[in-house]
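Since the structure comes first, as structure tokens, the remarks are kept for the end.
The values are calculated or read from the model by the stated rules, or taken from the named source; none is laboratory data. The shown structure was predicted, so the numbers you read here are calculated from the model rather than taken from an experiment. Positions of Cβ are generated from backbone atoms using ideal geometry, with glycine treated the same way; all protein chains shown enter the neighbour counts.
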There are 2 protein chains.
Amino acid sequence: MSLNRSNRNSMINKFILIFIPFIFSNHFYSQNIDSTQLRKIYDFYLTESKCYENLNFLCKTIGHRLSGSKGAANAVDWCKKAMYKAGADTVILQPCMVPHWVRGKAEECYLNSGKTKNKLSCCALGSSVGTGLNGIKAKVIEVKSFDELEKIGTENIKGKIVFYNVFFNQTHINTGAAYSEAVKYRVKGASYAAKYGAIGALVRSVTSATDDAPHTGNMVYDTTISKIKIPIVALSYKAADELNNSLKNNPNSVIELKTYCENLPEVLSYNVIGQINGEAKNNSYIIAGGHLDSWDLGEGAHDDGAGIVQCIELLNMYKKLTLKPKNNIRVVAFMNEENGLRGGEAYAKFAKQNNEKHIAALETDAGGYTPRGFNVDTLNGLFNKVILWEKLLAPYFANRFKKEGGGADLIALEKLNVPCIGFEPDSQRYFDIHHSKEDTFDKINKRELELSSAAIGALIYLLDKYF
Amino acid sequence: MSLNRSNRNSMINKFILIFIPFIFSNHFYSQNIDSTQLRKIYDFYLTESKCYENLNFLCKTIGHRLSGSKGAANAVDWCKKAMYKAGADTVILQPCMVPHWVRGKAEECYLNSGKTKNKLSCCALGSSVGTGLNGIKAKVIEVKSFDELEKIGTENIKGKIVFYNVFFNQTHINTGAAYSEAVKYRVKGASYAAKYGAIGALVRSVTSATDDAPHTGNMVYDTTISKIKIPIVALSYKAADELNNSLKNNPNSVIELKTYCENLPEVLSYNVIGQINGEAKNNSYIIAGGHLDSWDLGEGAHDDGAGIVQCIELLNMYKKLTLKPKNNIRVVAFMNEENGLRGGEAYAKFAKQNNEKHIAALETDAGGYTPRGFNVDTLNGLFNKVILWEKLLAPYFANRFKKEGGGADLIALEKLNVPCIGFEPDSQRYFDIHHSKEDTFDKINKRELELSSAAIGALIYLLDKYF
């Protein structure tokens, strides 16, 4: 393929227009200063930071902390102290009412193939109703999509248990994409199954691992699909395989399921917000947040204890390096990301009421793994500004920038036109352990956690300096 | 800072010269075809590849495999079969004589502080002589550098044990840089200590972890420094801390050390070379290699079982995707990288004798972690060609290219002017487990191993197509 001369000239002009402004600004000069400062930031994180020991405490002393639980309340107390200790000028607790779902006794699930009766590894999904003390017992309809469910129809589904046997698509390079594809069966599977008369639903765990640990996560009863609430559980990958095999040999295989979970009355809880006051003493804010709540399996180490300690460490960075931000820097430990987003909503409401100007909001909720980069909003020209720092972050392997937004806790802020950023660590191992008993502190690598914290520290530093 | 007009014009011309050739080649067109092919390659690796199960077998059934050991011989047999099974047209065993160092009974090291006597976790370094059955017992001189050793001098060192208390520099972003800095005390520490009359040497394990597992590795008796061979061991990080503390409180602390290692007569061993014949049936070769030998602690999972299975999988890729290479593709399982490089030398000698044209040689010896990119030689314009594939590899997060060469096994080939490439996975976790009992199969993440294998597959495919 070749191009004619006029095309060529027009492309040359385009090049000049695109590249020259970058070259002839004072950009190069300030990049030298910034590069020195970033090196100091990284030195601090790799030799003095407390994120690893903070996470150890959060995981091992406080443990899991689902909204409404004693663990969540303890986490709020700890987080407030940890933020002050790290150097916050002020820490406030921002109230919000949160759901209070409890798992109750361990789930019991048996597969009766006609010849054998085996226990299957499963866990109730968050927000699901329980089966009642008598449990449920029925034949199984296996499907791979909602379309298939519709084709099979009410007459064949009524009174049965629906099994969504949908695999995690391993061909995605970023595992988040595979998660997004498969998670709809976890979230809305119960309502669709109920629509066709099913009495319960099972879903293959949404995970990249091929393990025997069931992976929980929230579900939603969507009353626009069905008004009936039926229980739903996640089967472990191996249990899903076993059920699939059993149904191949005996389509009349029966599942017996007892779950003890229930939705209790809502509870008062809090976002924890630590602030370093900006030198300009104005009403402008840059925030970095993760979520303090976690599922009740495991310890919430990568999800999202890592995000919490990465953000708390920002306060320590400003203190130890005696940096003075222009804007107010807020570290936000959101409550209730996992099953309600009440914390994110409360924060946005508060910000709006106080007419606070949010320059940018960053969320970190993809684990404490080795950094790759950031997903950055195009709103207010944020992406175009941040991409100029690509060279500064390249030596730290944190220089992949994608046009995207932040995490779930920032949805309400995005609606208020706050430009959002999501921290993007390497995604390969996250969904192996996500929402399961395997999300524990021993899965944290110290250097990876420190580098991920440092990447966030560096970005927040630059955002504050240039906005 | 601003630039005057003539500078500006000269920069514009520079831009045109640099960018236009890329734009107006048929490069864009072929990149589309290549991009489709790379997607197929990645799909294969992420759904059908056998690298994970191959590595499981190598680690769990064969286990560690130091040169000259029964494990190494078993590994050679297994590797030949595995290469045929993966689709090699031919597999040859290329002979080389290798050192045969054995650890013997477990090392015993006691720290007598005057008040307490504690066992310290340690291991003999490869190639070190043993202490003899009576062991050695002496006071300790702690140093942080060879310079310090020289300053302390023979009169203060004679008859004592030298302790190199040199830390892994955690501020390096790539851990390989920290390793390179510290490893000289492991390699030449015994000879320098002997030069000043020491009877033994201890070295803090060269590791990014703060664990109690000693990390071994090869040492060399450099007769240009001293003709006397004294025993040397690595202390675990924690043992090194304990010794350091003890010496602060009691400089007369005594170390009692017994090691049972010895150097036995050399043994005949082999490189294992699997080949897919090129369609052009000429004498040109592209090779990808790792090393088959491993240390006798752990299972050699990341070092370098991962490299071996990544390379074997290339054969499977060509077979399963029915790709026909132009050049001969060779997968080389080098023997004796860890303590002699005899395999690398034998390969280069053979290649020279047969007047083989080596287009490029890739080594993978940095683990089976999530990919970052490749270190590529500038020789024969290789780097400038490979950098054009940056966009092709970006969706796979394997697009960092650095001007550097291959691994230790390729040194002899580099001397023959073969352009070399080193695969570069993320480096954060490698030196936590490197050369210790912790380098086991459970440290391998399946997706990371598959993606690292795929990155190598993609690069070899492109090299063959464009050379």
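Of note:
- Checking B:Leu323, B:Leu297 one by one, the residue that is under 30 Å from B:Lys105 (Cα atoms), in contact (Cβ under 8 Å) with a residue 24 or more places away in the chain and in a loop (DSSP other than H, G, I, E, B) is B:Leu297 and no other.
- Members of the stretch B:143-184 found to be outside any loop (DSSP other than H, G, I, E, B), within 24 Å of B:Asn250 (Cα to Cα) and in contact (Cβ under 8 Å) with a residue 24 or more places away in the chain, listed by number: B:Phe146, B:Leu149, B:Glu150, B:Ile152, B:Gly153, B:Thr154, B:Ile157, B:Ile161, B:Val162, B:Phe163, B:Tyr164
- Considering each residue of the stretch A:342-359 in turn, none proves to be within 22 Å of the chain's Cα centre (by Cα) and within 14 Å of another protein chain (Cβ to nearest Cβ).
- Enumeration of residues in the stretch B:454-467 that are in contact with a Leu (Cβ under 8 Å, 6 or more places away or on another chain) and either closer than 16 Å to B:Lys319 by Cα or at pLDDT below 95 (or both): B:Ala454, B:Ile456, B:Gly457, B:Ala458, B:Ile460, B:Tyr461
Here is a yes/no grid of residues against (1) surrounded by fewer than 24 Cβ atoms within 10 Å (Cβ to Cβ); (2) more than 10 Å from chain A (Cβ to nearest Cβ); (3) modelled with pLDDT under 95:
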position	(1), (2), (3)
B:Glu404	yes, yes, yes
B:Gly407	no, yes, yes
B:Leu410	no, yes, no
B:Leu413	no, yes, no
B:Leu416	yes, yes, no
B:Glu424	no, yes, no
B:Arg429	no, no, no
B:His434	no, yes, no
B:Asp439	no, yes, no
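- Matching residues in the stretch A:197-255 - criterion: being more than 18 Å from A:Leu111 (Cβ to Cβ) and among the small types (Gly, Ala, Ser): A:Gly197, A:Ser208, A:Ala209, A:Gly217, A:Ser226
- Yes/no for B:Lys40 being within 30 Å of A:Gln170 (Cβ to Cβ), more than 10 Å from chain A (Cβ to nearest Cβ) and at pLDDT 95 or above: yes
- Some residue of the stretch B:373-389 being within 30 Å of B:Ser69 (Cβ to Cβ) and crowded, with 24+ Cβ neighbours inside 10 Å: no
- Whichever residue in the stretch B:178-218 is of a type outside the set (A, V, I, L, M) and farther than 26 Å from A:Leu46 by Cβ and, among such residues, is nearest to the other protein chains (Cβ to nearest Cβ): B:Asn218
- Filter pass, A:Gly130 being surrounded by fewer than 16 Cβ atoms within 10 Å (Cβ to Cβ) and in contact with a strand residue (DSSP E or B) (Cβ under 8 Å, 6 or more places away or on another chain): no
- Condition check for A:Tyr285: among the aromatic types (Phe, Trp, Tyr), on the phi < 0 side of the Ramachandran plot and surrounded by fewer than 18 Cβ atoms within 10 Å (Cβ to Cβ): no
- Taking the listed residues A:Val76, A:Val98, A:Val140, the one that is part of a helix (DSSP H, G or I), surrounded by 17 or more Cβ atoms within 10 Å (Cβ to Cβ) and of a type outside the set (Lys, Arg) is A:Val76, with no other qualifying.
- Output for the stretch A:79-95, where each listed residue is part of a helix (DSSP H, G or I) and surrounded by fewer than 21 Cβ atoms within 10 Å (Cβ to Cβ): A:Lys80, A:Lys81, A:Tyr84, A:Lys85
- When A:Val187, A:Val220, A:Val206 are checked against the criterion of being surrounded by fewer than 18 Cβ atoms within 10 Å (Cβ to Cβ), of a type outside the set (Lys, Arg) and within 18 Å of the chain's Cα centre (by Cα), A:Val220 stands alone in meeting it.
- When the stretch A:409-425 is filtered for residues that are touching a helix residue (DSSP H, G or I) at 6+ places or on another chain (Cβ under 7 Å) and farther than 20 Å from A:Glu356 by Cα, the ones remaining, listed by number, are A:Phe423, A:Pro425.
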